[in-house]
Structure formats: C-alpha cells, structure tokens
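Single-structure report; data block below.
The values are calculated or read from the model by the stated rules, or taken from the named source; none is laboratory data. The model shown is predicted, which means the values in this text are computed figures rather than measured ones. Cβ: placed from backbone, ideal geometry, glycine included. Neighbour counts: every protein chain shown. The protein model used for the area step is the full one, side chains on, heavy atoms only, and it has no ligands, DNA or RNA in it. Shrake-Rupley method; radii C 1.70, N 1.55, O 1.52, S 1.80 Å.
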Amino acid sequence: MQYTSFNDYCRARFGCKVYKLSLDAGFTCPNRDGTLATGGCTFCAGGSGGRFCAGGSDIKAQLAAAKELVKAKGAHEYIAYFQAYSGTYAPVSRLEALYRSAAESEDIVALAIATRPDCLSREVLALLERLNRQKPVIVELGLQTANEQTAHAFHRCYPNSTYLAAVKALKGAGIHTVTHLIFGLPGESEADMLASVEFACAAGTDGVKFHMLNILEGSALAEIFRREPFELMSREAYASLVAKAVALLPPGVVVHRLTGDGDKRLLIAPEWVKDKKKTLNLIHKEIEKV
C-alpha cells in the first residue's frame, strides 16, 4: 500500500529533503495556566515535545544551534517548528515577532506550529494567513481522539466542534493542517481509534501524526498508572493498528509521523517505544500487507 509520507510532501513542495528545527518560544497552554485548567491533559508531562528543542530564549540562537545538530546530515533547507506547548497561545504582536524572526532566513522554507484548536482567534488566523502568503505555514492540532468521553477523561478541555471549526478556518486560509492522534488511550477500542482517524479525515485534515500513548514521569497519567495499572498496547498491536489507519486515509493526506519516541528520561511505559527504528520497521511491514 502506498501513502504520502512527510518526506514525499517536502520533496514535492520544496524540491528536496527538509529538516525540522524544533523551537521553544516559552509558550504555555490554557489547559495549564488556569484559563481552562491547571493540570493540562493527563498524559502531558509538560512541553509537548520541547525536549527536542535546542533551548534558550532567542529564536535565532535556537535555530543556529538546531542547524548545527543536523549539519552532518547534509541539511540545507529547514522548517522552523514551534513545537513546545501551544504555539499560538500569546498576544498576536508577540507571535508575529517570533514567527517573522524564525522565517526571515532564506534557508527556512516554512513554519510549522503545534497548537490547540481553541487557541486560534480571528486575529491569530489572520496573522497565519498573512504569513502563509510569504512562506508556507503548517499548523498541527492536538485532537488525540474523536471520542468525547475519552477526551473528557484525559481533560482535553475542548469539544470536537472546536476542532472542526479550527480545521475549517485553517483550510479557508489555505494553511496545511495536521492532526495529532494518540493510540492506546485508556478505555479505547481499536474501533474507537480508527473512528478518530475517519473523523479527522472527514473534517478535511491535510495530514496526520500517529503517536503511541506514553506514560511519562511528571504527568497526571503516571500517578493514575501507578495506582491502577492498565494494559498498554504491544508494539505488534500498535503497528497493525497504524497500518489499518493509514489504509483509511484519502489520497493526498500526508502521514507526518507513524510513531513517536517518548523522552527516555521520563518514560515509564511502554518500554518498546524506546526502539523507534524497530517499531518503524514493523509498521512498514504491516503496511505492506494491507
């Protein structure tokens, strides 16, 4: 079975392999700062991937440090990726300064911004649309599941209707929209997880990122897991499920990620996610069977 990978997308759009440079702009989240809640989603240990960022307060310095990390790979063109926390959750004036600082270098071919669907005000959307006319903008939305009961259980703190409105608005602005989905959330069946894939595709997402649920030290879920351990998906079950999910994708929907690798310093379970290469190899074998 053929599918469009992120590398395929980049080569088609930019004419070469492109490397993402992860940035931490010091954002927070309405689910953590008291606007909606203070604990965040139960699976979140804070930062939502900020461990991959070069660190530091200056965006240009972060970009320079991140470029050094991939220089040996022969990298020449990059995507500036605002990865940590909710990347649109700040005053528009601050966002514009940060985004423009990241985008002004010629070797930065696009901006990628990870955020929540409820952090896209009209003003923010207008800014993203303006920027997208100058350089491509990719926005990643953390849906995780379309099962409202599951979402309530892990304190996502927004309804599916908010996600649907965000996808519609972003697509209306011509912005490539990516949806994050987590497989293995407590209480979800395989049918639930595949239904989330179908929901995101029906909404019009341009891309997807698949993740296995990681139990991370410092998250509320870690404490729940210690008190009442629940069964996590095996590598084999995850690979099989991802292959089925990829088979559901309409033509042209980009697979930005088949699996993630949790922070090894914080990972409690499952142990198998530490070997990302082995997991990817198994997923590709499963995809070939479909």
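Can you compute the modelled spin-label distance between residue 263 and residue 230, with each label point 7 Å from Cα toward Cβ, in nm? Each label point is offset 7 Å from its Cα along the Cβ direction, giving 2.2 nm. Calculated mean residue ellipticity at 222 nm for the chain: -12000 deg cm²/dmol, from DSSP H runs with n ≥ 4 weighted as -39500 (n - 2.57), summed, divided by the residue count and rounded to 500.
Remark: the stretch 1-149 projects, on average over all directions, an area of 10.6 nm² (convex hull of Cα atoms). The residues neighbouring residue 4, those whose beta-carbon lies less than 14 Å from its own, together hold a net charge of +2 under the Lys/Arg +1, Asp/Glu -1 convention.
Could you compute the FRET efficiency for residue 28 and residue 284, with r as their C-beta to C-beta distance and R0 at 30 Å, rounded to 0.05? Once the sixth-power term is evaluated, E becomes 0.20.
For a label point 7 Å from the Cα of residue 72 along Cα→C-beta, name the residues of the stretch 255-290 whose backbone N is under 19 Å from it. Taking a point 7 Å out along Cα→Cβ of residue 72, the residues of the stretch 255-290 whose backbone N falls under 19 Å are 276-277. Subtracting the Cα-Cα distance of residue 168 and residue 237 from their residue separation scaled by 0.36 nm leaves 21.6 nm. Here the stretch 178-290 is described by how far its Cα atoms reach on the three principal axes: 42, 28, 21 Å, from widest to narrowest.
Taking 7 Å steps out from each Cα toward its Cβ at residue 155 and residue 1 produces label points 3.6 nm apart. The antiparallel fraction among DSSP beta bridges confined to the chain stands at about 5%. In the full protein context, the chain carries 44 Å² of accessible surface per residue, based on a 1.4 Å probe and ignoring ligands, DNA and RNA. With K and R counted +1 and D and E -1, the other residues having a Cβ less than 11 Å from that of residue 259 yield a net charge of +4.
Here the stretch 121-153 and the stretch 168-190 have alpha carbon centers that stand 9 Å from each other.
Taking a ≥ b ≥ c as the square roots of the eigenvalues of the Cα gyration tensor, an a/c ratio below 1.5 marks the chain as rounded. Near residue 237: Cβ cut-off under 12 Å, other residues only, Lys/Arg at +1 and Asp/Glu at -1. The net charge is -2.
The region of the chain that goes longest without hitting one of the trypsin sites (Lys or Arg not before Pro) in a DSSP loop, each with at most 11 other Cβ atoms within 10 Å, is 1-132. Under 22 Å from the Cα of residue 60, which lysines turn up, not counting those fewer than eight places away in the same chain? Partners found: 17, 20, 71, 73, 135.
Which one of 211, 251, 268 has its Cα pushed farthest toward the positive end of the charge dipole of the chain, where Lys and Arg give +1 and Asp and Glu give -1 at the Cβ? Farthest towards the positive end: 251. A run of the chain free of exposed loop cleavage sites, with GluC sites (Glu not before Pro) counted only in DSSP states other than H, G, I, E and B and at most 13 other beta carbons within 10 Å, reaches its longest extent at 107-216. In plain terms, the bigger the Kirkwood radius, the slower the diffusion; for the stretch 89-230, with that radius from Cα pairs, at 4 °C and 1.567 mPa s, Stokes-Einstein puts D at 79 µm²/s. Note on the chain: with neighbouring protein chains present and a 1.4 Å probe, carbon and sulfur make up 52 percent of its accessible heavy-atom surface.
Given a Förster distance of 30 Å, report the FRET efficiency between residue 133 and residue 201 from their Cβ-Cβ distance, rounded to the nearest 0.05. Efficiency for this residue pair is about 0.65.
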